[in-house]
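One structure is given below, encoded as structure tokens.
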Amino acid sequence: MVSKKRISRRKFLTGTAEAALGAISFPYVITSSALGQAGSVAPSERITMGLIGIGWQGSGNLNSFLAEKDCQVIAVCDIDKNHLQEAVNRVNEHYGNKDCATYHNFRELLARDDIDTVTLSLPDHWHSIPAIEAARAGKDIYGEKPLSHTFKEGRAICDAVKRFGRVWQTGSWQRSQSNFRFACELVLNGRIGKVHTVEVGLPPGQSDYEGTRHQKEICPPPKELDYDLWLGPAPYAPYCPAHVHKNWRWILDHGGGQLMDWVGHHLDIAHWGLGFDYTGPHEIEGHGKYSKDTLWNSPTRYRLTAKYPKDITITIAGGYNDIRGGTKWIGKDGWVWVDRNQQIDAEPKAILAEKFGPNDIHLLRSPGHQRNFLDCVKSRSATITPCEVAHRSVTPGHLGQIAMLLGRKIRFNPDTEEIIDDPTAARLLGKAMRSPWHL
């Protein structure tokens, strides 16, 4: 009689067959916790995770994944020693041990073959390289929005995720909220008639999240921060407190201002409600008020107009009173508006009590954004915000930034993903990286 060999979930996820060699022997006494009973999860069924970048957003992601019983955080990585210490203390306190490993170099974390998944919570200019290397290393990835710092980096991330067969979830968590899903279902099921206009309201300005707005005098970086590695592929710039941690997003070498900080949320929802997850605009133009500050140089006010298939126009704006924050679809027979804090409104209001039938369109119901990711890691199915969808959601932001910087209309082929008849604009789809970093 031949006994069946038990293949661990981790070996299955990494695509190896090593676990099929040799039977696994069990001890005579097995505790209920080891078997996954009594509210615990058996070790062989746990998804192991390493977190790269554990500052502001990273700490929030850490807490979310620690709350999932079948996720085991075993490593954290950051180039700020203070962030690193806070994170490892949090992990060890949660598990009641001192097992969590710490890393300064993300490549050392990725080299571990006992890590199934990684969470990337990094400044925008650091999104692409760790993502591509994580996919190459066989890790499934939870990455933050916007997907990429440049359009070309986004395409490279998507290509790597597809090539290496990885599961990807983007932190565009609004798709996991019931009010956003219901609003999209109303639009997709024709409850406001044919849509002709969409208004996407994003925040304006430059919020001083770190309280360092006026600390722009050049000085040595603090000892706990590896500033050269923090810069990484971005152009060299001397250190000042206003340059890093949270406020990097107002510097175009690192982020894209409020436009790129939010386009992966509210425009992502606009696309979802239109069925435009895998397409994009064929034309975009706009104008922005760029900060005259020599460091914080992102647009503080902006308005973009994008032309889409089916004669739909989408306006993306920040700082204009006629565009309400959130996402609003306007159709022949009414409108639907949705925003955070479970807000939703519509005209006619009667459709807010709508019940969808079996023949209507039903979007994926997510049990929670992190939970959806872990479930898909197990099933190998697509998440609610996969890589390609996230790339398409931020493409109008990339194109709009180019249109504003050049002061002219951009024509774009969403099928070939090429800017038409404008070589100067086309070159701005990517940026050179500081040596030795490259895609």
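Filter the cross-link list 145/194; 152/409; 145/431 down to pairs whose alpha-carbon distance in this structure exceeds 22 Å. Pairs exceeding 22 Å: 145/194. Which net charge results when you count Lys and Arg as +1 and Asp and Glu as -1 among the other residues whose beta-carbon is under 10 Å from that of residue 366? Surrounding charge for residue 366 is +3. Projected label points at residue 332 and residue 439, each 7 Å from Cα along the beta carbon direction, are separated by 4.1 nanometres. Taking label positions 7 Å along the Cα-Cβ direction at both residue 364 and residue 112, the computed distance is 2.7 nm, reported to one decimal. Using a Gaussian network model of the chain in which every pair of alpha carbons under 10 angstrom is joined by a spring, one finds that among 246, 194, 310 the greatest mean-square fluctuation is at 310. Distance distribution note for segment 295-433: the fraction of Cα pairs above 26 angstrom is 45%.
Atom-type composition of the exposed protein surface of segment 262-338 places 47 percent of the accessible area on carbon and sulfur (1.4 angstrom probe).
Each Lys or Arg adds one and each Asp or Glu takes one away; over the other residues whose Cβ falls under 11 Å from the Cβ of residue 278, this sums to -2.
Neighbours of residue 287 by Cβ distance under 12 Å: Lys/Arg scored +1, Asp/Glu scored -1, total +4. Counting only Cα atoms, the size of segment 159-314 along its three principal axes is 59, 40, 29 Å, in decreasing order. Stretching residue 343 away from residue 224 to a fully extended chain increases their span by 38.7 nm, per 0.36 nm per residue minus the current alpha-carbon distance.
Here the chain is treated with +1 on each Lys and Arg Cβ and -1 on each Asp and Glu Cβ, and its dipole about the Cα centre works out to around 640 debye. A simple charge model with +1 on the Cβ of Lys and Arg, -1 on the Cβ of Asp and Glu and nothing else charged puts the dipole of segment 278-346 at about 140 debye relative to its Cα centre. Considering all different alpha carbon pairs of segment 51-165, the Kirkwood hydrodynamic radius works out to 14.3 Å. Here the calculated FRET efficiency for residue 162 and residue 353, from their Cβ-Cβ distance with R0 = 35 Å, stands at 0.30, rounded to the nearest 0.05.
Using only Cα coordinates, the Kirkwood hydrodynamic radius of segment 245-330 works out to 14.0 Å. On full extension, the segment bounded by residue 381 and residue 82 gains 104.0 nm, given 0.36 nm per residue less the C-alpha separation. The P(r) of segment 383-423 has a tail past 15 Å containing 46 percent of all C-alpha pairs.
Can you give me the distance in nm between label points at residue 418 and residue 101, each placed 7 Å from the Cα along the Cα-to-Cβ direction? Calculated label separation equals 4.5 nm. Over all projection directions, the Cα-based convex hull of segment 35-97 averages an area of 4.2 nm².
Considering only beta bridges that DSSP places wholly inside the chain, some 60 percent are antiparallel.
To the nearest Å, what is the center-to-center distance of segment 189-232 and segment 344-377, using C-alpha atoms only? The two parts, judged by their Cα centres, are 29 Å apart. According to the Cα-based calculation, Rg over Rh for the chain is 0.99, with Rh computed by the Kirkwood formula. Listed by chain and number, the aspartates and glutamates whose alpha-carbon sits under 18 Å from that of residue 378, ignoring those within fewer than 8 places in the same chain, are 45, 68, 70, 113, 114, 116, 140.
Quick one: length gained pulling residue 432 to residue 94 fully straight, 0.36 nm per residue minus the C-alpha distance?
117.5 nm
The values are calculated or read from the model by the stated rules, or taken from the named source; none is laboratory data. Everything numeric here is computed off the predicted structure, so don't read it as measured data. Glycine gets a Cβ as well: all are built from the backbone with ideal geometry, and neighbour counts include every protein chain shown. For accessibility, only protein heavy atoms count, side chains too; no ligands or nucleic acids. Shrake-Rupley method; radii C 1.70, N 1.55, O 1.52, S 1.80 Å.
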